[in-house]
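Only one structure is covered here, and it is reproduced in the block below.
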Protein chains: 2
Amino acid sequence: MSYHELERTFYRLSQLDHASGMLQWDRYVMMPPGGNAARSRALAELDVMRTEILQDPALDERFASALEANDLSDWQQANLRQMTLDWKRARALPKDLVEAQSLASTECEHAWRTLRPENNWRDFQPLLQKVFDLAREAAQAQREALSEERGFANDYDALLDQFDPGTLMHCIDPVFDRLKSTLPNLTRDILERQATRPTPMTPAKPVPVDKQDALARELMAVLGFNFDAGRLDPTAHPFSGGAPEDSRVTTRYDEHNVIEGLMGVIHETGHARYESGLPRDWLHQPVGRSMGMGVHESQSLFFEMQLGRSRPFINAIAPLVRKHLGEDPAFEADNLHALYTRVEPGKIRVNADEVTYPMHVILRYELERDIILGRSEVADIPERWDEAMSRYLGLDTKGDFRDGPMQDIHWPMGAVGYFPSYTLGALNAAQLHAALVRAVPDAGDCIARLELQPIFDWLAENIWQKGCYLEYDDLMKQATGDTLNPDYFLNHVRERYLGE
Amino acid sequence: MSYHELERTFYRLSQLDHASGMLQWDRYVMMPPGGNAARSRALAELDVMRTEILQDPALDERFASALEANDLSDWQQANLRQMTLDWKRARALPKDLVEAQSLASTECEHAWRTLRPENNWRDFQPLLQKVFDLAREAAQAQREALSEERGFANDYDALLDQFDPGTLMHCIDPVFDRLKSTLPNLTRDILERQATRPTPMTPAKPVPVDKQDALARELMAVLGFNFDAGRLDPTAHPFSGGAPEDSRVTTRYDEHNVIEGLMGVIHETGHARYESGLPRDWLHQPVGRSMGMGVHESQSLFFEMQLGRSRPFINAIAPLVRKHLGEDPAFEADNLHALYTRVEPGKIRVNADEVTYPMHVILRYELERDIILGRSEVADIPERWDEAMSRYLGLDTKGDFRDGPMQDIHWPMGAVGYFPSYTLGALNAAQLHAALVRAVPDAGDCIARLELQPIFDWLAENIWQKGCYLEYDDLMKQATGDTLNPDYFLNHVRERYLGE
């Protein structure tokens, strides 16, 4: 039967994903530098194979016949919907373009690793230009193939849809406008209030990496991470990868900055738990995959922002922090809470607090959107960057490419259209947390006792085990009773930072 | 042109090999236990894809046309010969059988990791039976398809030929007979002579793992290992893997046995240098691969036995050993030399000295050969094992499955026909060393100064850079002036152990 033949095809694709996922993890965590060229070739070839499988002309008839079947279960139907989307996306892109994108982004990203520390925008720009040129080409092709079905109004919509299916410019613009009109004032109020309080202390002494590692592992266990089916390793740019059955969480240890590192681990653990909580029966099919990146980020930010930086959680982990890292006034609960809720406009997105973070995202959104839409050029990035950082966050970034437009790995690796997911994730997380508190009224007590199972159960039921069974709007509605609504996030910010 | 289309196909296969090689390395070195089922599925699927590519009916015509081409270079012709062999081998095996073998060996090997420590032959036997049944089926299929071309006289020949192309039972039998008729007497003479000398000292205290690791890394650097294109990691069952451009050497550190661990690292470094020395222009084509396992093992044993345990090498590294591991009379050159040339019949193959090692191999060869040829059954293994260990090495192994027939990973992982390679490798290594000494008369001085480049250059020119360009007999002839001849090994043993 055609549907089952399609399942077999997508099973194969999921095994290729396993291979690519692990090879990517290895590349960032284990691979010696000399292995890079060979690894790039292998990953590019796996990409080409994936494309060839999805472009096989034999699929036309199989899809046509599967779409006529009337004996499919709800999950099979949802799976068929996801398969169809994957198939149409892949058919839209010529094989040569896929390979060119893979090679260009590999080259750009590899160069970025040395050019960024050198603050060398000049040599970086042509490599990035190539990545953006190909992204534009891919966006056009996707738009042409899918605009009717997916409702694309422009090329950038086609890129957004790849990372967050169903979230297009017309959904994002009003939400980001709301944030742009609200957050600057909110930030000013928060900074004024914060200025009346003593500056929190930082740890007096460097904290050895092995102690940070022991603490990270205990916290991950508290957060339900299963070390029999996953690992934690250090890397330069932390991420969560691997496969649902074998989570590879990474972190960066800095003897002089234990504070941020700790939240990084909590964040990545959120990503990992989502993946490992996906529906086991559908793990090797499209419907068993995680939703878009905005939902993925909602899980990491739920762990980090809603849970990790909450007062009861910080109170509860403070003794663990002191047990592993030693006694230091900085590790008292009050001080940790002040550190973890400190707001301070800064140049670096990944170090930003949750209040100023959206402005970093909006800046990048506007830049990449305008390049894809032909309103701006890669060469304009530095000037526009400086202008926006000054306007949105009051910061002077002139001449600092390293901690300016070269700070992120996303563009070098070809991820154009990805940045909005971070802020969509933050909004989703706040909205989910509000729903959790309604559904599990004693959630705060659970957190205070570090007995988090009821919270994980709620997330598993409402998000993790859904995979891609529902579309984004439906997922949020069944979990929270509402589609995406920035009020939950703004209320959360007002409550946490202004005590409102 | 058909030949170039074939090159494209085999390039793809080599990228799949990269993926599988790295996923295997990860599995043994990094993967958490819960990841095993998912990894097995991914590796099995990659195997099936490899088989499908080689079984594509479109290849028939391409091979037919490429074989008629008359404008191929010598290396292209050799490449076409290797491609043809790969193709015919793959065509001989039904896809279902390949998948069944992969799953059965994965299951058996996974179980072996817990059953071996439990000394549990009973639960292991049915799993091993399955592996052997499928090996027999595969051997029959290979024989039927290839016997005329490859000269197979029986099913076991087809298995041998997979690991050591061109080395069949009729080549091995006279060589092993020679060893069987010579080594027991030689061993007796060596043990008598050894008994007149004091027993060498072992280190008085355990040696911390980090110090062993530092020494291992310095020795690997002396042996030309490039850490910019490779790694060293601990694992339970050391091996050398990864890819030619990215060597993954593994070792096992034991605080109470620094002596054997050190030679293990030297051994695996030999494997890695062979792989990384393969002809770069042909790296992603069959002719650019390493020769069979007997040649591979000749490189590791050249490093370990011919170089590593030689008197000048031990004299030269003794100061390094003491620098890293501390002062201990056991680490004086004379004592190290006595330790590294000690002969002692024992149960465990991997711990065996080079004099008794061939008897371990011959035992396994006779057992697996007889099972494949239907002269014996898996259920007979324990009894035959005990009988042979008693006859060949004078040891009582009754009831000890753990350090008896369950000691090796090879059978559980489906590698039937592999064991002879170890002894072929030892013979090749001695023969190559004799040729090196003729070609580089001051090799001993080079070793004494740890300036090994002339030796590596000779190996690179005569073995590494040849890839599969020559067939085995021709490779040995051009490197040593002779085809496989056990006299070199026996002379080496007499010289080293009896001073003859």
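The values are calculated or read from the model by the stated rules, or taken from the named source; none is laboratory data. Note that the structure is a prediction, hence the values are computed from the model and not measured. For neighbour counting, all protein chains shown are included, and Cβ atoms are generated from backbone atoms with ideal geometry for every residue, glycine included. What goes into the accessible areas is simple: the full protein's heavy atoms, side chains included, and nothing from ligands, DNA or RNA. Shrake-Rupley method; radii C 1.70, N 1.55, O 1.52, S 1.80 Å.
Points to keep in mind about this one:
- FRET efficiency, residue A:195 to residue B:199 (Cβ-Cβ, R0 56 Å, nearest 0.05): 0.15
- Using a 1.4 angstrom probe on protein heavy atoms only, the contact between A and B buries about 3000 square angstrom of accessible area, both sides summed.
- Heavy-atom accessible area, 1.4 Å probe, ligands and nucleic acids excluded: residues of the stretch A:19-35 down by at least 30 Å² from chain alone: A:19, A:23, A:26, A:30, A:32, A:34
- Once the 1.4 Å probe is applied to the protein heavy atoms, the stretch B:2-155 comes out at 43 Å² accessible per residue.
- Drop in accessible area of at least 20 Å² in the complex versus isolated chain, residues of the stretch A:215-252, 1.4 Å probe: A:228, A:231, A:245, A:246, A:248
- Per-copy distances of the residue A:383 label point, shortest first, in nm (7 angstrom along Cα→Cβ): 9.1
- Mean separation of Cα contacts under 8 Å (6+ apart) over length of chain B, as relative contact order %: 19 percent
- For the stretch A:2-152, relative contact order (Cα pairs under 8 Å, six or more residues apart, normalised by length) works out to 27 percent.
- Whole-Hz Karplus values for the stretch B:220-227 come out as 4, 5, 4, 7, x, 6, 9, 6 Hz, taken residue by residue from phi with 6.51 cos²θ - 1.76 cosθ + 1.60 and θ = phi - 60°; glycine and proline positions read x.
- Summarising the amide proton neighbourhood of residue A:253: residues at separation of 5 or more, or on other chains, whose placed amide H is nearer than 5 Å comprise A:235.
- Mean projection area, nm², convex hull over Cα of the stretch A:2-152: 10.8 nm²
- Computed from Cα atoms, the angle from the helix A:381-393 axis to the main principal axis of chain A rounds to 40 degrees.
- Cα-based helix-to-principal-axis angle, B:357-372 vs chain B, degrees rounded to 10: 30 degrees
- Cα centroids of the stretch B:393-420 and the stretch B:188-202: 27 Å apart.
- Position residue A:17: other-copy label points at 2.9 nm, ordered by increasing distance, label point 7 Å along Cα→C-beta.
- Base-10 log of normalised Debye intensity for the protein assembly as shown (one unit scatterer per alpha-carbon) at q = 0.08 Å⁻¹: -0.90
- The calculated 222 nm mean residue ellipticity attributable to helices in chain A amounts to -21000 deg cm²/dmol, summing -39500 (n - 2.57) over DSSP H runs of n ≥ 4 and dividing by all residues.
- Global form of the stretch B:391-500, assessed from the alpha-carbon gyration tensor, a/c cut-off 1.5: prolate
- Fraction of antiparallel bridges per DSSP, the protein assembly as shown only, in percent to nearest 5: 45 percent
- One chain, two ends: residue A:68 and residue A:446. Fully extended at 0.36 nm per residue, the span grows by 131.2 nm beyond their Cα-Cα distance.
- Whole-angstrom gap from the stretch A:74-142 to the stretch B:247-316, using each part's C-alpha centre: 40 Å
- Using θ = phi - 60° and Karplus 6.51 cos²θ - 1.76 cosθ + 1.60, couplings along the stretch B:83-91 (whole Hz; Gly, Pro as x): 4, 4, 5, 4, 5, 5, 4, 5, 5
- Placing unit charges on the Cβ atoms only, positive for Lys and Arg and negative for Asp and Glu, gives chain A a dipole magnitude near 880 debye about its Cα centre.
- Charge-dipole axis of the stretch A:2-152 as Lys and Arg at +1 and Asp and Glu at -1 on Cβ define it, positive-most pick from A:139, A:32, A:87: A:32
- For the stretch B:402-446, the pair-distance distribution built from all alpha carbon pairs, in bins 5 Å wide starting at 0, is 5, 18, 15, 15, 11, 9, 9, 11, 7, 0 percent.
- Amide hydrogen proximity for residue A:247: with H placed 1.01 Å from N in the peptide plane, the residues at 5 or more positions away or on another chain lying under 5 Å are A:230, A:231.
- Check: the stretch B:2-155 dipole with +1 on Lys, Arg Cβ and -1 on Asp, Glu Cβ, in debye: 560 debye
- Take every pair of alpha-carbon atoms less than 8 Å apart whose residues are at least six positions apart; their mean separation over the length of the stretch B:137-186 yields a relative contact order of 24 percent.
- Note on chain A: percent of Cα-Cα distances in each 20 Å bin, starting at 0 and stopping at the bin with the largest distance, equals 22, 59, 19, 0.
- Element breakdown for chain B at a 1.4 angstrom probe: carbon and sulfur atoms account for 48% of the accessible area.
- Rounded to the nearest Hz, the phi-derived 3J(HN,Hα) couplings of the stretch B:31-45 under the Karplus curve 6.51 cos²θ - 1.76 cosθ + 1.60 (θ = phi - 60°) are 5, x, x, x, x, 5, 4, 5, 5, 4, 4, 5, 5, 5, 5, where x marks glycine and proline.
- Global geometry of the stretch A:136-176, whether rounded, prolate or oblate, following the gyration tensor of its Cα atoms and the 1.5 cut on a/c: prolate
- Charging the Cβ of each Asp and Glu at -1 and of each Lys and Arg at +1, and nothing else, the dipole of the protein assembly as shown about its Cα centre rounds to 1720 debye.
- Translational diffusion coefficient (Stokes-Einstein; Kirkwood radius from C-alpha pairs) of the stretch B:197-246 at 25 °C, 0.890 mPa s, in µm²/s: 183 µm²/s
- Think of the protein assembly as shown as a dipole: +1 on every Lys or Arg Cβ, -1 on every Asp or Glu Cβ, centred on the Cα centre; then among B:232, B:362, B:456, B:232 lies furthest on the positive end.
- Between this copy and the others, label points of residue B:439 are 7.1 nm apart in ascending order, each placed 7 angstrom from Cα in the Cβ direction.
- Cα-based helix-to-principal-axis angle, A:487-498 vs chain A, degrees rounded to 10: 20 degrees
- Among chain A residues, the beta-carbon with the smallest distance to the axis carrying A onto B is reported, with distance in whole Å, as A:19, 2.
- Size descriptors for the stretch B:347-436 (Cα atoms only): Rg and Dmax, in that order, 13.8, 45 Å.
- The listed residues A:304, B:471 rank as B:471, A:304 when sorted by accessible area, largest first, using a 1.4 Å probe.
- Viscosity 0.890 mPa s, 25 °C: Kirkwood-radius Stokes-Einstein D of the stretch B:259-371 over Cα pairs, µm²/s: 152 µm²/s
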